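Q: This is the structure, below, for whatever I ask next.
The numbers here are math on the coordinates, done by the rules we state, and not lab data. This is a predicted model, so every value here is computed, not measured. When we count neighbours, we look across all protein chains shown, and the Cβ atoms used for this are built from the backbone with ideal geometry, even at glycine.
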Amino acid sequence: MYSGNRSGGQGYWDGGGAAGAEGPAPAGTLSPAPLFSPGTYERLALLLGSIGLLGVGNNLLVLVLYYKFQRLRTPTHLLLVNISLSDLLVSLFGVTFTFVSCLRNGWVWDTVGCVWDGFSGSLFASLCGRSSDNSSDQDFKI
């Protein structure tokens, strides 16, 4: 059985040393079996692709309208632009890795890709949350 979480992230088979170090590995690949059927991955890819495209399109529209119309440049709208910008970054960086993985029927990125996916999603989502927290604080101060 394969365990990818031993000795500093090196892949090991239960019966021996490092993967590939003692000759050919057992039949199959080092990757675990897919979690879902190919049809489920296709539906997930369609859903994530739709969410990503709508997120990018709508948030770009908000940013363009804010830039184009001078009367929208108020402090309240600036908070909405901040939320829109962080949501745009989530749509670009947070959805892309998972979308490509769904197209390939499983996670295709290495450890660095996994860490970047989690970090970027958490960072940009927390920025969005902080912006909305600040806007709710403004409502109470008025």
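Q: Could you work out how far apart the two model spin labels at ARG73 and ALA125 are, taking each label as a point 7 Å from the Cα in the direction of the beta carbon, and quote it in nm?
A: 3.4
Q: Per residue of region 40-56, in order, report the coupling 6.51 cos²θ - 1.76 cosθ + 1.60 (Karplus, θ = phi - 60°) as ³J(HN,Hα) in whole Hz, putting x for Gly and Pro.
A: So the Karplus estimates, Gly and Pro as x, are 5, 4, 5, 5, 5, 5, 4, 5, 5, x, 5, 4, x, 5, 5, x, 5 Hz.
Q: Then there is this: With viscosity set to 1.002 mPa s at 20 °C, what whole-number translational diffusion coefficient in µm²/s follows for region 38-128 from Stokes-Einstein and a Kirkwood radius over Cα pairs? Mind dumping the intermediate values first?
A: On the way: Rh = 14.2 Å.
Here the translational diffusion coefficient equals 151 µm²/s.
Q: Continuing with this model, one more query. Explain nothing, just compute: Karplus ³J(HN,Hα) = 6.51 cos²θ - 1.76 cosθ + 1.60, θ = phi - 60°, for every residue of region 104-109 in order, whole Hz, x for Gly and Pro.
A: 9, 6, x, 5, 10, 9
Q: Enumerate the calculated ³J(HN,Hα) couplings along region 64-77 in order (Karplus 6.51 cos²θ - 1.76 cosθ + 1.60, θ = phi - 60°), each rounded to whole Hz, writing x wherever the residue is Gly or Pro.
A: My calculation for region 64-77 gives 5, 5, 5, 5, 6, 9, 5, 6, 7, 8, 10, x, 5, 5 Hz in order.
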